[in-house]
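A.B. asks: Below you will find the structure I want to go over with you.
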Amino acid sequence: MARCGPALAAFLFEYDTPRIVLLRSRKVGLMNRGVQLLILAYVIGWVFVWEEGYQEKDSVVSSVITKVKGVSVTNTSDMGLRVWDAANYVVPAQGNTLFVMTNMIVTLNQRQSTCAEFPDVKTECNSDDDCPQGSMDVQGNGVTTGRCVPYNAHVKTCEVIGWCPVENDTYVPRPALLNAVENFTILVKNHILYPKFNFTKRNVLPNISDTYLKSCVYDAKTDPFCPIFRIGHIVKLAGQNFQEMAVKGGIMSIKIHWNCNLDWASSYCLPKYSFRRLDDQGLNHTVSPGYNFRFAKYYQDANGTEIRTLIKAYGIRFDILVFGKAGKFDIIPTMINIGSGLALFGVATVLCDIIVLYFMKKRFYYREKKFKYVEDYDQGLTETFRTE
Amino acid sequence: MARCGPALAAFLFEYDTPRIVLLRSRKVGLMNRGVQLLILAYVIGWVFVWEEGYQEKDSVVSSVITKVKGVSVTNTSDMGLRVWDAANYVVPAQGNTLFVMTNMIVTLNQRQSTCAEFPDVKTECNSDDDCPQGSMDVQGNGVTTGRCVPYNAHVKTCEVIGWCPVENDTYVPRPALLNAVENFTILVKNHILYPKFNFTKRNVLPNISDTYLKSCVYDAKTDPFCPIFRIGHIVKLAGQNFQEMAVKGGIMSIKIHWNCNLDWASSYCLPKYSFRRLDDQGLNHTVSPGYNFRFAKYYQDANGTEIRTLIKAYGIRFDILVFGKAGKFDIIPTMINIGSGLALFGVATVLCDIIVLYFMKKRFYYREKKFKYVEDYDQGLTETFRTE
Amino acid sequence: MARCGPALAAFLFEYDTPRIVLLRSRKVGLMNRGVQLLILAYVIGWVFVWEEGYQEKDSVVSSVITKVKGVSVTNTSDMGLRVWDAANYVVPAQGNTLFVMTNMIVTLNQRQSTCAEFPDVKTECNSDDDCPQGSMDVQGNGVTTGRCVPYNAHVKTCEVIGWCPVENDTYVPRPALLNAVENFTILVKNHILYPKFNFTKRNVLPNISDTYLKSCVYDAKTDPFCPIFRIGHIVKLAGQNFQEMAVKGGIMSIKIHWNCNLDWASSYCLPKYSFRRLDDQGLNHTVSPGYNFRFAKYYQDANGTEIRTLIKAYGIRFDILVFGKAGKFDIIPTMINIGSGLALFGVATVLCDIIVLYFMKKRFYYREKKFKYVEDYDQGLTETFRTE
């Protein structure tokens, strides 16, 4: 206890700093400063200016509304002249993945009954013996009855119970039936949030007038902030041919980048749109190329039995991918980077020491100055060199 | 080879530690300790206590189920008395963005035929000369035939082929038709996963009894962990007027925060709910304010021609946004922070040195103690100062 | 100004390096090297090899296509023999959460009219007095008329206006009606993107032949990269009994992990599939266990009044969760880790110093060598120890 006071005093009032050799040498001096300069340049330039190492980062949370406008007309033998509007070709009607039908294979008036299966290697037959009974092929359209019936004048196939007549999707209409979709427009309303900074913004920028929004169409050059996209235009921006894509369908991504430096005014935090085709049209081997799915509309005929119209819808699915990073000054990453930056300064000395002490011809002279050799005395030795 | 042994021995058995000047000085000593204390306080307090710099972080992966309960009744001239249930007003029936219809404009018995376009500046006409033929306006409802026909007793518009009669959405019903939605409840079941820690949890907490779940309704104060939300209540929590919002629709976010410190028991990892309106109702300039979309129900009449009921559905879309961060002790970030913390200790010495060696009146005395000046001897000089 | 030149020269041409005591001592030396070795081992081994601390990380962005194949047959009293195909049991038809119906409760030919409410404690009655008028129970099926009518031969309930007859979902069909779903296959096409590195890949690997894709079925052992999954198989992989799960439905997650080290060839960046049941079937207390929702198909009868078929669909919802981290060498994290690694080297010296200077019996001898005690001279003292 008595010894504690002095000890504390000693601790408080004493200041320890390493003893330094100041070596006056052009060569070594310049080298040393050079290395230090490099490290300084790196820490400042790269970490802070380029990588904004002084910032806390956060990634975006967002919600999306889409709305498609446009009408298209088809004139086919089985359906006659028909006009299609958003309620027809947008399936489902909402969400941030948006499907716009561009082409279709319609099978009218299917009923639950029996009919000849669609011909292929597995289903064609000559007699009932070729047809198993009650089998359900995963690729097939129903349950086989075991009978072999004519599909048309030329070919016979196994009969199935199911939705009849079965769909024939051998020939996809070309050009696409709804190719007027090229001129349709998609309005994308995107609201973002950076939870860590509680920062919110919309892609309908505050300085955009309502009249402008009613008329504008996105263009990378002239209207980079207009949230209304002409389908044909963005397909083109993705380097695709719309008429080609419309036939078998595909998937397009509308990417909205929100890279914001929140140390600046929020008005500098702006959306950047980019477009890309996602499905693997490039590869020559693909299962079900393009993009399609089936849905049905159900009816009842006069005597109450159910009928359906099966639609194999080909079209473009737009995935609206919103991502971004926001950065804002924060003490933690700054300190981490300064800390490691300082640690790197140590490297400068270490580096120079190695060169000075091992590779320069005057190394022994330098060593003598830097080091003080001390023998562990019970090894029965005295200090070899006297540095002073 | 012969020299290698001793060298290795020298390397292994020698211990190098910097030579230190211990300066006994109240002023400098206290300053030094003070600076060190500040740095210690920062490293401990801020990095570790506040920012939990010793933790590995991971962000949440989640899945959501929603279920809406409630019935609503409407009594309109064209539809008569009708009762609506979940199968009617929830479109689509599932998913983690949930739409609940609150208002609608129904256009009954549309058929593919010709009729007068809806009147506006572009479509009104006096004679057939005013009407182009075969044009499809992106905003329009069909393909113009080129004839000018009466829309009603007062006004004539260009005729179109399409779904007729065309929709008239000038007047949105006010108050909203399905305003009983205010009392509907949404059950939100949320299952989360922190992949990095393989930690899973549900918002239906294990200590919640089934009977409680059957009866409870979320309330920030009394029932903060009840996953059943009264629509009117959460709209109110978001500072909105439901009756107002119901008319034109809108987008609400139900945010579920899962900020978990997995160094504690998992029972401390609890969901926090918050509600916010996302669509830009605040701004006076908006294209298609609120939230609505169109869908149709398709029928066949007695002689098999297709009829549809077009519904322009206004309503509230609930985006359930789940996000959270989990933290768990991890050696890496800890070491990084300790490392940079230690590096900062270096700053203390550097700082004091600068003051001691450049600003104190006894600086020359201190320098003499700290530094040993050595001239590069072939610069023809001898050591200037002898520090000892 | 005149003094500036020399000062600069002095600054540029001088090289300062700390003076070191080189202590030749087996014990201390070995200890020192030992500690240094440990730190080196940690920095190299853990930070760099294990945690890949030299890499910039990025998380995945992805898009998913799913396609279900298979037919199922049901034979119920009210519907007779029916065959179901994808257009029937996949609701909605697309998206990356996919619902496959496995069981259902169908209520045919509902009309807007009045009928007896479904019996339960709240709705059963003896006389009209028991029935409020015009009340809408959130759990109920319509608006009460105030009359008490027979639901069946045994029980009377309050009458409601709504979709009549009301659904009776007391008994869920068991075994599940569409239990053939077990053999259905899901094709999952997943396209990923690491925005930071602009790296894209698909789960349909380039080296997979088209013929293989047409025939293969996923199997962890034999076909780990086949993107076609047999529903029964993945439910089994998740440790569930399909026939049991099919009755009340549930939620399955198909997780696709993309953990890629982009310092290697992209061909090493491969998807890993895992399957898990997400809904809380484990807990004995659950509101609406399993997974189900209601949707309706709307018809018009001969005289144009609306009929609907209400379907309470039980089934399996597949959430396809894609997540992954990609790492690529980057200078910033490397430097941060090296920096803090170096700082840790300092610890070695500090540690040894403490031991050497405070705990070894020769501590005074060592201190004498390391420290040079200097009194602040105006404290009227001279240097106590002369280290040289």
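The values are calculated or read from the model by the stated rules, or taken from the named source; none is laboratory data. The structure presented is a predicted model; accordingly, all values stated were derived computationally and were not measured. Here the Cβ is made from the backbone with ideal geometry for all residues, glycine too, and neighbour counts use every protein chain on show.
A.B. asks: For B:VAL47, work out the one condition from (1) within 29 Å of B:ILE332 (Cβ to Cβ); (2) within 12 Å of chain C (Cβ to nearest Cβ) it doesn't fulfil.
C.D. replies: (2)
A.B. asks: How many residues does region C:361-386 hold that are at pLDDT below 75 and surrounded by fewer than 19 Cβ atoms within 10 Å (Cβ to Cβ)?
C.D. replies: Residues that pass the stated criteria total 11.
A.B. asks: For region B:251-263, check the following and say yes or no: at least one residue is under 23 Å from A:ASN88 (Cα atoms), in contact (Cβ under 8 Å) with a residue 40 or more places away in the chain and out of contact with any Lys or Arg (no Cβ under 6 Å at 6 or more places or on another chain).
C.D. replies: The answer is no, given that none of the residues of region B:251-263 is under 23 Å from A:ASN88 (Cα atoms), in contact (Cβ under 8 Å) with a residue 40 or more places away in the chain and out of contact with any Lys or Arg (no Cβ under 6 Å at 6 or more places or on another chain).
A.B. asks: Another question about this same structure. Taking into account only those residues within region B:155-183 that are of a type in the set (D, E, K, R) and assigned to a strand (DSSP E or B), which is surrounded by the fewest Cβ atoms within 10 Å (Cβ to Cβ)?
C.D. replies: Per the stated criteria, the residue is B:LYS156.
A.B. asks: Just to verify a result, which residue in region C:276-287, among those that are assigned to a loop (DSSP other than H, G, I, E, B) and surrounded by 12 or more Cβ atoms within 10 Å (Cβ to Cβ), is modelled with the lowest pLDDT?
C.D. replies: Looking at residues that are assigned to a loop (DSSP other than H, G, I, E, B) and surrounded by 12 or more Cβ atoms within 10 Å (Cβ to Cβ), I get C:HIS285.
A.B. asks: Taking the condition more than 30 Å from A:TYR89 (Cβ to Cβ), assigned by TED's automatic domain parsing to the domain that holds B:LEU81 and in contact with a helix residue (DSSP H, G or I) (Cβ under 7 Å, 6 or more places away or on another chain), does B:PHE184 pass?
C.D. replies: yes
A.B. asks: Tell me which of these A:GLY339 doesn't satisfy, since it passes every other one: (1) closer than 30 Å to B:ALA10 by Cβ; (2) modelled with pLDDT under 80; (3) assigned to a helix (DSSP H, G or I).
C.D. replies: (1)
A.B. asks: Right, another one. Identify, from the list B:LYS156, B:LYS201, the residue that is in the same structural domain as B:LEU237 (by TED's automatic domain parsing) and among the charged types (D, E, K, R).
C.D. replies: B:LYS201
A.B. asks: Sticking with this structure for a sec: With closer than 25 Å to B:PHE11 by Cβ, more than 7 Å from every other protein chain (Cβ to nearest Cβ) and touching a residue at least 40 places away in the same chain (Cβ under 8 Å) as the only criterion, which of C:VAL28, C:VAL68, C:VAL64, C:VAL35 stands out?
C.D. replies: C:VAL35
A.B. asks: In region C:1-25, what count of residues is obtained for those that are in a helix (DSSP H, G or I) and more than 13 Å from chain A (Cβ to nearest Cβ)?
C.D. replies: Result for region C:1-25: 3.
A.B. asks: Still on this structure, I have one more. Out of C:ILE186, C:ILE234, report the one residue that is away from chain A (no Cβ under 14 Å), surrounded by 14 or more Cβ atoms within 10 Å (Cβ to Cβ) and in contact with a strand residue (DSSP E or B) (Cβ under 7 Å, 6 or more places away or on another chain).
C.D. replies: C:ILE234
A.B. asks: For region A:102-154, what are the residues that are farther than 30 Å from A:VAL71 by Cβ and touching a residue at least 40 places away in the same chain (Cβ under 8 Å)?
C.D. replies: A:ARG111, A:GLN112, A:SER113, A:THR114, A:CYS115, A:ALA116, A:GLU117, A:PHE118
A.B. asks: Scan region A:290-308 residue by residue and report those that are at the interface with chain B (Cβ under 8 Å from one of its Cβ atoms) and touching a residue at least 40 places away in the same chain (Cβ under 8 Å).
C.D. replies: Residue satisfying the conditions is A:ILE307 alone.
A.B. asks: May I ask you to verify whether C:TYR358 is touching a Phe, Trp or Tyr at 6+ places or on another chain (Cβ under 8 Å) and at pLDDT 80 or above?
C.D. replies: No: the conditions fail for C:TYR358.
A.B. asks: Residues being among the β-branched types (Val, Ile, Thr) and either more than 14 Å from chain B (Cβ to nearest Cβ) or part of a strand (DSSP E or B) (or both): count how many of those fall in region C:122-154.
C.D. replies: Qualifying residue count for the region: 4.
A.B. asks: May I pose another question? Based on what the data block shows, is B:PRO119 modelled with pLDDT of 85 or more, buried (at least 17 other Cβ atoms within 10 Å of the Cβ), outside any strand (DSSP E or B) and of a type outside the set (Gly, Ala, Ser)?
C.D. replies: yes
A.B. asks: Go through region C:288-336 and give me each residue that's touching a helix residue (DSSP H, G or I) at 6+ places or on another chain (Cβ under 9 Å) and assigned to a helix (DSSP H, G or I).
C.D. replies: C:ILE331, C:ILE332, C:THR334, C:MET335, C:ILE336
A.B. asks: Can you pull out every residue in region C:245-275 that is among the charged types (D, E, K, R) and surrounded by fewer than 15 Cβ atoms within 10 Å (Cβ to Cβ)?
C.D. replies: C:ASP263, C:LYS272
A.B. asks: Could you tell me which residue of region A:318-359 is surrounded by the fewest Cβ atoms within 10 Å (Cβ to Cβ), considering only residues that are at the interface with another protein chain (Cβ under 7 Å from one of its Cβ atoms) and within 30 Å of C:SER63 (Cβ to Cβ)?
C.D. replies: Result: A:PHE323.
A.B. asks: Looking at region A:198-216, is at least one residue without any contact (Cβ under 8 Å) to a residue 12 or more places away in the chain, β-branched (Val, Ile, Thr) and out of contact with any Gly (no Cβ under 9 Å at 6 or more places or on another chain)?
C.D. replies: yes
A.B. asks: When region A:194-227 is examined, which residues are found to be within 13 Å of A:VAL61 (Cβ to Cβ) and more than 8 Å from chain B (Cβ to nearest Cβ)?
C.D. replies: Of everything in region A:194-227, those that are within 13 Å of A:VAL61 (Cβ to Cβ) and more than 8 Å from chain B (Cβ to nearest Cβ) turn out to be A:TYR194, A:LYS196, A:PHE197, A:ASN198, A:PHE199, A:THR200, A:LYS201.
A.B. asks: Another one. Given the options A:VAL138, A:VAL149, A:VAL121, A:VAL155, name the one that is out of contact with any His (no Cβ under 9 Å at 6 or more places or on another chain) and within 26 Å of A:LYS297 (Cβ to Cβ).
C.D. replies: Selected residue: A:VAL138, the only one of A:VAL138, A:VAL149, A:VAL121, A:VAL155 that is out of contact with any His (no Cβ under 9 Å at 6 or more places or on another chain) and within 26 Å of A:LYS297 (Cβ to Cβ).
A.B. asks: Are any residues in region A:71-93 of a type in the set (D, E, K, R), over 32 Å from the mean Cα position of the chain (by Cα) and within 7 Å of chain B (Cβ to nearest Cβ), and if so, which ones?
C.D. replies: A:ARG82
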